[in-house]
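*Asks:* Take this structure, written in structure tokens, and hold onto it; I'll ask about it next.
Quick note: the coordinates plus some simple rules give every number you see, no bench work behind them. These numbers were taken from a predicted model, which means no experiment stands behind them. No Cβ is skipped: glycine too gets one built from the backbone with ideal geometry, and neighbour counts run over all protein chains shown.
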Amino acid sequence: MTRADIATMAWSGGKSHLSNMHMQLSRAAEGKAEYLVACPPSDLPVGKCGIDYQTDDGTGMIWQVAVHPALQALGIGTALIAHAEQRIRARGVETARLSVENDNPRARKLYDRLGYVARYETADSWMTDEGCYETVCTVMFKPLR
């Protein structure tokens, strides 16, 4: 992902989300994270995800997975996760981790199908343009050996 890509990704979230994406790109430049985008021949991003390598448990944490709403259920999310897993393996990390909101059954079904196993639930929150968003997520892991 590049900073120029972010300007075309308003479909993925509001101003605070896009601002966070800029911050995460700075972390990626420092080698602390990676940010991936899926682009068709138009070269416009239609999907994205990040990978955080600075987790307490030594996993590659996949986050901010999103596919343009008009293009969901076409395999883009599956391709993004597969590529993220390859990148995690290339770093010598043997486990991928992600969190899925409990009220997102489509994403949960995808992660189950891709071999992620639920370990625990946790409360989570983040800032949005409307204020603090609070939710409950299931944390899932997948060995990448």
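*Asks:* Which residue fluctuates the most in the chain, going by a Gaussian network model with Cα springs under 10 Å, if the choices are 99, 12, 125?
*Replies:* Of 99, 12, 125, the most mobile in the Gaussian network model is 125.
*Asks:* Now a separate question. Check the straight Cα-Cα distances from residue 15 and name the lysines below 21 Å, setting aside those fewer than 8 residues away within the same chain.
*Replies:* 48
*Asks:* Considering only DSSP states other than H, G, I, E and B, which trypsin sites (Lys or Arg not before Pro) in the range 68-130 qualify as loop sites with at most 16 other Cβ atoms within 10 Å?
*Replies:* Answer by residue number: 91.
*Asks:* When only DSSP loop residues count, what trypsin sites (Lys or Arg not before Pro) in the range 1-54 have their Cβ near at most 15 other Cβ atoms within 10 Å?
*Replies:* Taking the range 1-54 and a limit of 15 other Cβ atoms within 10 Å, the loop trypsin sites (Lys or Arg not before Pro) found are 32.
*Asks:* Helix-only estimate, please: 222 nm mean residue ellipticity of the chain, summing -39500 (n - 2.57) across DSSP H runs of length 4 or more and dividing by its residues, to the nearest 500.
*Replies:* Calculated mean residue ellipticity at 222 nm is -9000 deg cm²/dmol.
*Asks:* Moving on to the next point. Stokes-Einstein D for the range 3-143 at 10 °C, 1.306 mPa s, Kirkwood Rh over Cα pairs, in µm²/s?
*Replies:* The calculation lands on 102 µm²/s.
*Asks:* Within 10 Å, at most 15 other Cβ atoms, and a DSSP state outside H, G, I, E, B define an exposed site. Report the longest part of the chain free of exposed GluC sites (Glu not before Pro). Numbers along the way, then the final one.
*Replies:* Details: sites that count: 30, 94, 130.
It works out to 31-93.
*Asks:* Using a Gaussian network model on the chain with a 10 Å cutoff between Cα atoms, which of 50, 77, 92 fluctuates the most?
*Replies:* 92
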